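Below is one structure; the comments refer to it alone.
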Amino acid sequence: MGADPDEELVRRIGAGDQAAVQAMVARKLPRVLSLATRMLGDAAEAEDVAQETFVRIWRHASGWRQGQARFDTWIHRVALNLCYDRLRRRREWTTDELPEVADEAPLPDVGDEGRRVEQALQRIAPRQREAIVLVYYQEMSNIEAARAMQVSIDALESLLARGRRSLQAMLVGDDGDD
C-alpha cells in the first residue's frame, strides 16, 4: 500500500485543526454526497449522511491508523454504514408511521436515460447497489471497493455481476412498458 494522500490532513484533523477539516470537506464532500445519494435515492438524506460522516471524521481522526486501510476506504465505509443504518430504519417503520415522500426529481443533468438507470439502481439489492456505486460511480478499484465493503474480491465481482444483470433486466423490461 503506497503513501496515503490524505494522511497529513487526517493527522491535522486529529490534532483539532479547523482549516484541515474544511480542506477535507472540500476534498471529499462531492464523493460522499454522490455515494449517499445513490445508495439512498434521497438528496436530503444523503446530505444528512454526509454531515454525520464528517462529524465522525472530526471525532475519530486521531484514531485512524495509516497502514490498516487507506483513509478513502475508511470514509467510504463510514458513509456506507450510515446509509445502511437509514435503509434499516426504513424497513422498520410500522404501518402507523408514514415516511416522508422522497424527492422524485432526477439528479442534476441525468436526462431520461440517466433517470431510468438511477431508478433501477434503487430497486436492486442494497449490496449489489453498493458494489456498483463504489466501482462505477465512485471509481474505486475492485480491491478498494472490496476493502470498503469488507468482502473478498471474488465476492465483490459476484455482486457486480449480479447487480449488472439485475439492472439490465430492469432496464430492458422498462423498454417494453412504453
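Summary table
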item	result
Complete set of residues in region 6-20 that are loosely packed, with under 15 Cβ neighbours inside 10 Å and either of a type in the set (S, T, Y) or part of a helix (DSSP H, G or I) (or both)	E7, E8, Q18, A19
Count of residues meeting criterion [open to solvent by 10 Å² or more (accessible area, probe 1.4 Å), assigned to a helix (DSSP H, G or I) and under 23 Å from P30 (Cβ atoms)] in region 140-154	4
Subset of region 125-139 [open to solvent by 10 Å² or more (accessible area, probe 1.4 Å) and of a type in the set (A, V, I, L, M)]	A125, V135
From A23, A3, residue being at negative phi and in a loop (DSSP other than H, G, I, E, B)	A3
Test: residue in region 92-105 that is part of a helix (DSSP H, G or I) and either open to solvent by 90 Å² or more (accessible area, probe 1.4 Å) or modelled with pLDDT under 85 (or both)	yes
Test: residue in region 65-78 that is assigned to a loop (DSSP other than H, G, I, E, B) and aromatic (F, W, Y)	no
Cross-chain or 6+ apart pairs with Cβ under 7 Å, region 133-153 first and at negative phi, then among the polar types (S, T, N, Q) and open to solvent by 40 Å² or more (accessible area, probe 1.4 Å)	V135/N142; A146/S152; I153/N142
Residue within region 155-177 that is assigned to a loop (DSSP other than H, G, I, E, B), modelled with pLDDT under 90 and among the aliphatic types (A, V, I, L, M) present	no
Contacts under 7 angstrom Cβ, first residue in region 33-61 being over 14 Å from R90 (Cβ atoms) and open to solvent by 10 Å² or more (accessible area, probe 1.4 Å), partner aromatic (F, W, Y) and in a helix (DSSP H, G or I), 6 or more apart	S34/Y137; R38/Y137
Filter result for R27 (basic (K, R), surrounded by fewer than 17 Cβ atoms within 10 Å (Cβ to Cβ) and modelled with pLDDT of 90 or more)	yes
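The values are calculated or read from the model by the stated rules, or taken from the named source; none is laboratory data. All values reported here derive from a predicted model rather than from experimental measurement. All Cβ positions, glycine included, derive from the backbone under ideal geometry; neighbour counts span all protein chains shown. We work out accessible area using only protein heavy atoms, side chains counted, and drop any ligands, DNA or RNA first. Shrake-Rupley method; radii C 1.70, N 1.55, O 1.52, S 1.80 Å.
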